[in-house]
Amino acid sequence: MYPKSTTVIPVISLQGQNCTGCVTSTLCSEYPAIKNILLDDLLPGVKLDFVFHPTIMTASGNLAMDMLEKAGKERGYVLIIDGAIPAKDDGIYCVTGEKDGKKSTILDEVIEFSRNAMLVIALGTCAAFGGIAAAHPNPTGARGVGDVFLTHEIKVPLINIPGCPPHPDWLFGTITEVLLKGLENVELDDLKRPKTFYGKLIHENCPNRAYFDEGKFAKKLGDKGCLYELGCKGPITYSDCPLRQWNGKTNWVIGCGAPCSGCTQPEFPDFVGDFYDRIIDVETPASLHKAKTPEK
Amino acid sequence: MKKIVIHPITRIEGHLKVEAVVENGVVKDANMSGTMFRGIEMILKGRDPRDAVMITQRICGVCPEPHACAAVTAVDEYAGLTDKIPGNGILLRNLILGTRTVCDNILHFYILSGPDYIDPSKALDYSGSDEDLNSLKRFLEQGYSKPFLPRDEIDYRLDDNVTRTVTGHYIKALDIYRKGQEAATMFGGKWPHDAAIVAGGVTENVTADKIARFIWRLKEISDFVNNIYLPDVIAVARAYNEYLEMGRGCGNLLAYDSYRTGSNGIFKEALFRGGIVTGTSKYSDINIKNITEDVTHSWFKESEPLYPGSGVTEPEAGKPEAYSWIKSPRYDGKVFEVGPVASVLCTYLSKKDPDINKLVDNALAETGGSITNMYSIAGRHLGRVLFSKIITDNLNGWAGALKAGEPTTVGYSPPMDGEGVGLIAAPRGALGHWLKVKEGRIENYQVITPTAWNASPKDKDGQPGPYEQAIIGLKVSDSQAPVEILRAIRSFDPCTACAVHLVTPGGDLKGKYKVV
């Protein structure tokens, strides 16, 4: 009655300098719910098999390290990395485990376990671009997976799914798109983000757009109006948040009256100004004339 | 004598390692090390004080909302807004912090700790109609096993029927976690990393329909806490009866006032009373000036123990006696444990709210224990579920007290220089943020997280931290699979990204790790 899935895709999750927020976001996937992702087929006949995941796996210590080693020898898995990779001082700022007295860093693991992966997903802005850990003055030399790939000449296919945190749909939607269309047919932007989710500026779909066009700007947080003057990074941030919304469509950042922090962008969190400062002299593809000379 | 090293410790937040020395089946010594760091406090320097609310949430994505609330409390104080925040703003913060805390506690018991006590493979013999359990049964029948296997063979004690019931609750807990986060997101903006919590209040406006939508979501969460989570914790505590004695720790507790409550728009009371408890049941008021951070066994330049408001963080590579990136917070020079159990017991011993005290007494009676047993592996789980239940019992009232259409924030026009402190009860215990502003920018920022208290290394007097004390003296049945050690550590709900975020590393560190 329930035939075993014909295609089983092993998934290895590695965690660098993370806050585990990418994981807690993923846990809140609505459709498919996380219980279905763990127990059922993601698509008919295709099952994700979570062979190594530090937040949910039963095993610890040596047993866990053995699993990782074994899983990494098989080809064809998807490697999901969250958290930044500190590269300074040989990566000593993030030691992920040890076996027989030998310690391994996230830097070692990314290099080693990317090799046999069919696809590497850098989940979250830290893994994609360095994010919070790489914020000025970047004390640990934190960087994204793509940078590590460049330095170490790793040529495995890489997809970035940034966001602080990323929306669960962006992760599972991307995996589904890869399964349905084939990796080579998934359209990515220059920053290796899937266009399905990161194809448009927040500004283009923002429900406050009418306020912006009319020059009606909120003067303090909690007021009605476009939040541009209060630091909204929507005009320079690519994501489908306004349409998709968050957590079962209960809300989203601009929806709750707060300015977008630009968390899917490589500049996050070190934009030209502060979070609550108006973007200055940033050219916006949409409504260029308005964005450059907003009314005070 | 045998040295056990467990690294990674999975099913926690972050990167943690334990090294224990076992002799004749008893742990003689233990060292805890956090092994990842970023330098968040250094990153905060020079930024707009308001940005601390955004940045410090990224210390931890499992418990970002307490960082937002502690940071915003510090910024409010610096900006002179503490008593000007509209009632709606205070209530919304309580609702966001409270709802997310309950989700976090549920996640901890079922998903993070659950596999130490329940055996999901019993679902293979399930014959009922629960769709979740049948999903799991199908999964196992098809030959899948991860992430549940492999595992060490340990003492699963719940009988098969109870095991299956609790396993079903493991799966249901995932749904409840999501639904609870959805409820809180109605006011917080998104999960994780709320955007709505800002200096002066909360940006989300209050409407009648949002209140209604929140309350109906809440009902499902409180049903779960009352009818599933609380009974399950008690069932596990009864099955693992000696765990009400094991892993005692230091025997001192510390908590901060948390969740501002009141009536008629005046919020001067705290739902959970702060304070310290020594000698199991002696309550005293807390004076935060007695908090210091010791660095004797941490990789920082030697200095006298300092108050966090004037704390400095200067790393020293290769310091020979050091073994952790975590400093050792101490109160009056002594070791204190923090956590939900501390909030519950400080409140129990000082406030004497009849409802809360009855709740604690009844739960203890059901497990067959007394106050002394709250200082234990099972006691910490019990403290956590009671903490969750007390919060849950108040969420409805807070939501009902919201005033639709009225302000949720006040304007922000801060002085150029100033200071602020934010102290709250996070899901893992006492959390403190210390902010110093000069010429409008952050000059110094220090955070002492719950896990810094609990996972701290030994101090200048050689006193081990609470985790270490909880492990030392434990009987280990199998040194290859020391589940007792893992149960003890997980009972604290470690959040190591929180504990070691404050490091400002520099120089060559390669030599350092040889010391470990």
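Observations on the structure shown:
- The count of lysine pairs in the range A:7-196 whose Cα atoms are under 18 Å apart, excluding pairs fewer than 8 places apart on the same chain, comes to 11.
- Between B:Asp29 and A:Asp90, the simple spin-label model (points 7 angstrom out along Cα→Cβ) gives 2.6 nm.
- Average beta-carbon neighbours from other chains, 10 Å sphere, peptide A:137-145: 4
- In nm, spacing of pseudo-spin labels at A:Val46 and B:Glu321 (7 Å Cα→C-beta vector): 5.9
- Along each principal axis, taking the top coordinate minus the bottom one, the Cα set of chain A gives 63, 53, 32 Å in descending order.
- Percent antiparallel among DSSP beta bridges (both partners in the range A:71-225, rounded to 5): 40
- J(HN,Hα) series, the range A:167-178, from Karplus relation 6.51 cos²θ - 1.76 cosθ + 1.60, nearest Hz, glycine and proline x: 5, x, 4, 5, 6, 6, x, 5, 4, 4, 4, 4
- Charge-dipole axis of the range A:1-87 as Lys and Arg at +1 and Asp and Glu at -1 on Cβ define it, positive-most pick from A:Val51, A:Val8, A:Ala84: A:Val8
- For the range B:1-159: relative contact order, % (alpha-carbon pairs under 8 angstrom, 6 or more apart): 12
- Efficiency of FRET between B:Asn287 and B:Asp461 - r from beta-carbon atoms, R0 22 angstrom, step 0.05: 0.60
- By the combined test of axial Cα extent (at least 24 Å) and Kyte-Doolittle hydropathy (mean at least -1.0), the qualifying DSSP H helices of chain B come to B:87-107, B:160-188, B:208-224, B:377-401.
- Accessible area that becomes buried as A packs against B, both chains, 1.4 Å probe, Å², nearest 100: 7300
- Taking every residue in B:135-148 and counting other chain Cβ atoms within 10 Å of its Cβ, the average works out to 6.
- Those lysines that a straight Cα-Cα span of less than 16 Å connects to B:Lys458, excepting residues fewer than 8 apart in one chain: B:Lys17, B:Lys28, B:Lys301, B:Lys319, B:Lys327, B:Lys334
- Both the radius of gyration and Dmax for the protein assembly as shown are 24.8, 78 Å, in that order, over alpha-carbon atoms.
- Tensor-based shape of the range A:200-289 (alpha-carbon gyration tensor, a/c under 1.5 rounded, otherwise prolate or oblate): rounded
- Calculated P(r) of the range B:170-228 - Cα pairs past 20 Å, %: 32
- Kirkwood Rh and Cα Rg combined as Rg over Rh, evaluated for the range B:294-413: 1.14
- Distance from the Cα centroid of the range A:17-92 to that of the range B:204-226 is 32 Å (rounded to whole angstrom).
- Centroid-to-centroid separation of the range B:81-152 and the range A:131-194 [C-alpha atoms, Å]: 28
- As a length-normalised measure over Cα pairs under 8 Å and 6 or more apart, the relative contact order of chain B settles at 27 percent.
- Where Rh is the Kirkwood radius over Cα pairs, Rg/Rh for the range B:239-358: 1.08
- Solvent-accessible surface of protein heavy atoms, probed at 1.4 angstrom with all chains present, puts B:Arg248, B:Arg100 in the order B:Arg248, B:Arg100, largest first.
- Per residue, in Å², the accessible surface of the range B:97-157 once ligands and nucleic acids are set aside, probe 1.4 Å: 33
- Chain A: antiparallel DSSP beta bridges as a percent of all, rounded to 5: 35
- Shielding by partners, peptide A:95-106 (average Cβ within 10 angstrom, other chains): 4
- Using the alpha carbons alone, the radius of gyration of chain B stands to its Kirkwood radius in an Rg to Rh ratio of 0.96.
- Protection proxy ranking for B:226-232, A:167-173, B:430-436, using the average of other Cβ atoms within 10 Å per residue and placing the highest first: B:430-436, A:167-173, B:226-232.
- Cα gyration tensor, the range A:6-54 - rounded (a/c under 1.5), prolate or oblate: oblate
- Highest-first packing order for the peptide set A:66-76, A:81-91, A:143-153 is A:81-91, A:143-153, A:66-76, based on the mean count of other beta carbon atoms within 10 Å.
- Enclosed volume per residue, in Å³, of the convex hull spanned by Cα atoms of the range B:37-169: 168
- Remark: the B:Leu149-B:Thr82 segment gains 19.1 nm on full extension, using 0.36 nm per residue and subtracting the alpha carbon distance.
- B:Ala426 long-range amide H proximity, modeled H, under 5 Å: B:Leu431
- Shape call, the range B:211-298: gyration tensor on alpha carbons, a/c limit 1.5: oblate
- B:His169 contributes about 30 Å² of solvent-accessible surface, heavy atoms of the protein only, 1.4 Å probe.
- Globularity index of the range B:147-298, i.e. its alpha-carbon radius of gyration over 2.2 N^0.38 Å: 1.42
- Simple point charges give the picture: +1 on the Cβ of Lys and Arg, -1 on the Cβ of Asp and Glu, and for the range A:1-132 a dipole about the Cα centre of about 180 debye.
- In terms of distances greater than 18 angstrom between alpha carbons, the cross-link table entries A:Lys220/B:Lys84; B:Lys3/B:Lys146; A:Lys233/B:Lys190 yield B:Lys3/B:Lys146.
- Normalised by the number of residues in chain A, the mean separation of alpha-carbon contacts (under 8 Å, six or more apart) gives a relative contact order of 15 percent.
The values are calculated or read from the model by the stated rules, or taken from the named source; none is laboratory data. Just so we're clear, the structure is a prediction, and the values are computed from it rather than from any experiment. Cβ: placed from backbone, ideal geometry, glycine included. Neighbour counts: every protein chain shown. For accessibility, only protein heavy atoms count, side chains too; no ligands or nucleic acids. Shrake-Rupley method; radii C 1.70, N 1.55, O 1.52, S 1.80 Å.
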